[in-house]
2 protein chains.
Amino acid sequence: MSYNLKFRFAGSGGQGVILGTIILAEAALAEGYQVVQSQSYGPEARGGSCKAEIIVSSEEIVFPKIETADCLAALTQKALDQYIGSVAPDGIVIADSSLTIPESWHGRTEKIDVISTVYDVLKKPMTVNIVALGAINAILGVAGDKALEEAVLARVPKSTGELNMRALEEGRKLYKK
Amino acid sequence: MSYNLKFRFAGSGGQGVILGTIILAEAALAEGYQVVQSQSYGPEARGGSCKAEIIVSSEEIVFPKIETADCLAALTQKALDQYIGSVAPDGIVIADSSLTIPESWHGRTEKIDVISTVYDVLKKPMTVNIVALGAINAILGVAGDKALEEAVLARVPKSTGELNMRALEEGRKLYKK
């Protein structure tokens, strides 16, 4: 059986989408996959949106550029509008509950309540990428819970470990809802 | 005039080479270049070495995978030995002064005293990627000093800003020596 996922994570600068994809990449690596994690900076990056990508595969990754994504996760309306055109028709769009899905999108959509969770439940806006990651991984099944937890702990400041474990768990619960 | 650089940064896990290339990518972006920053995780990543790459270009980057690097910067012997075979013959190898350059390499070599600087001068081993970055940017001329400083400050914890500015300056000085 072969596994191949092209995942794009987009939001505004400061939401930690690059770190989010690095953590997911490292969790996928721990699960035995080959992974390429990347971000392109060009004229579009100056617009204020930030995106990062990973390819997760059970085989060698020959061409590591993502044209069409299997999944887009977007945390801001701007990022959603900017990247929804490059999601495969049979792909998945994961979006914060506050966002409006463009009418052009007819595929599978998962709304997750990330923004209000970090403000109202955790009261720590900085954990937005980790809450999102918990939900994204629950939806996509990239890595087991333990591999993802360890990948998060390896990348966040030690003093925030406990908070980030709570953030991950809140994120996981968002999908179960 | 067109500019194109394929740069690979390699060391052991924990030396911050991924963050190092992200910072250099963001400094190059501020200088007006297009940039792709990436890291591949596969069977080789399990060996303990860590590498990350950037492509900096004045034009659109069509194929973002680095096969042959224009420059390899290595912080450990293992990483140097592992990646020196994929440096272009007219490329540059930047290596910590403590390392032994393999006999197979006949191109330009720049030895920089990063490891002893972080232990003996700064007494902060965690700054190894930033010291290296100061030297690497002095050698390659990717970004101006100001753009690089701002890129570092945007990515390190606020409380470590001053320390990291010192680290960058010590790195710069290593190349002037």
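Taking B:G16, is it touching a residue at least 24 places away in the same chain (Cβ under 8 Å), closer than 25 Å to B:M126 by Cβ and within 14 Å of chain A (Cβ to nearest Cβ)? I'd like the intermediate steps shown before the answer.
On the way: touching a residue at least 24 places away in the same chain (Cβ under 8 Å): yes; closer than 25 Å to B:M126 by Cβ: yes; within 14 Å of chain A (Cβ to nearest Cβ): yes.
Yes: the conditions hold for B:G16.
Take the conditions out of contact with any strand residue (DSSP E or B) (no Cβ under 7 Å at 6 or more places or on another chain), surrounded by fewer than 15 Cβ atoms within 10 Å (Cβ to Cβ), assigned to a helix (DSSP H, G or I) and of a type in the set (G, A, S) and apply them to B:G134. Does it pass? Working first, answer last.
Details: out of contact with any strand residue (DSSP E or B) (no Cβ under 7 Å at 6 or more places or on another chain): yes; surrounded by fewer than 15 Cβ atoms within 10 Å (Cβ to Cβ): no; assigned to a helix (DSSP H, G or I): yes; of a type in the set (G, A, S): yes.
Spelling it out, it is not the case that B:G134 is out of contact with any strand residue (DSSP E or B) (no Cβ under 7 Å at 6 or more places or on another chain), surrounded by fewer than 15 Cβ atoms within 10 Å (Cβ to Cβ), assigned to a helix (DSSP H, G or I) and of a type in the set (G, A, S).
Of the conditions (1) part of a helix (DSSP H, G or I); (2) surrounded by 19 or more Cβ atoms within 10 Å (Cβ to Cβ); (3) in contact with a strand residue (DSSP E or B) (Cβ under 9 Å, 6 or more places away or on another chain), B:V142 clears all except one; give me its number.
Going through the list (1) part of a helix (DSSP H, G or I); (2) surrounded by 19 or more Cβ atoms within 10 Å (Cβ to Cβ); (3) in contact with a strand residue (DSSP E or B) (Cβ under 9 Å, 6 or more places away or on another chain), B:V142 breaks only (1).
Mind checking which residues of the stretch A:96-138 are in contact (Cβ under 8 Å) with a residue 60 or more places away in the chain and either within 19 Å of A:A151 (Cβ to Cβ) or in contact with a His (Cβ under 7 Å, 6 or more places away or on another chain) (or both)? Break it down into steps so the answer makes sense when it comes.
Of the stretch A:96-138, the ones in contact (Cβ under 8 Å) with a residue 60 or more places away in the chain are A:110, A:112-114, A:126, A:128-130, A:132-133, A:136-137.
Passing the criteria: A:V114, A:M126, A:V128, A:N129, A:I130, A:A132, A:L133, A:I136, A:N137.
For the stretch B:62-69, indicate whether the set of residues that are of a type outside the set (G, A, S), at pLDDT below 95 and buried (at least 18 other Cβ atoms within 10 Å of the Cβ) is non-empty. Break it down stepwise before answering.
Here is the first cut: in the stretch B:62-69, the residues of a type outside the set (G, A, S) are B:62-68.
Applying the additional criterion that residues be at pLDDT below 95 yields B:62-68.
Narrowing further to those that are buried (at least 18 other Cβ atoms within 10 Å of the Cβ): B:64, B:66.
Scanning the stretch B:62-69, I find at least one residue that is of a type outside the set (G, A, S), at pLDDT below 95 and buried (at least 18 other Cβ atoms within 10 Å of the Cβ), so the answer is yes.
Condition test on B:T109, is it in a helix (DSSP H, G or I), of a type in the set (V, I, T) and either farther than 30 Å from A:M126 by Cβ or at pLDDT 95 or above (or both)? Lay out the reasoning, then the answer.
Working: in a helix (DSSP H, G or I): no; of a type in the set (V, I, T): yes; either farther than 30 Å from A:M126 by Cβ or at pLDDT 95 or above (or both): yes.
Here the answer is no, as B:T109 does not meet what is asked.
Suppose the filter is surrounded by 20 or more Cβ atoms within 10 Å (Cβ to Cβ) and either over 24 Å from A:G161 (Cα atoms) or not aliphatic (A, V, I, L, M) (or both); does A:K78 pass it? Don't jump to the end; show me each part of the working.
Values: surrounded by 20 or more Cβ atoms within 10 Å (Cβ to Cβ): no; either over 24 Å from A:G161 (Cα atoms) or not aliphatic (A, V, I, L, M) (or both): yes.
Spelling it out, it is not the case that A:K78 is surrounded by 20 or more Cβ atoms within 10 Å (Cβ to Cβ) and either over 24 Å from A:G161 (Cα atoms) or not aliphatic (A, V, I, L, M) (or both).
The values are calculated or read from the model by the stated rules, or taken from the named source; none is laboratory data. Everything quoted here is computed from the prediction, not taken from an experiment. A quick note on method: Cβ atoms are made from the backbone with ideal geometry, for glycine too, and the neighbour counts reach across all protein chains shown.
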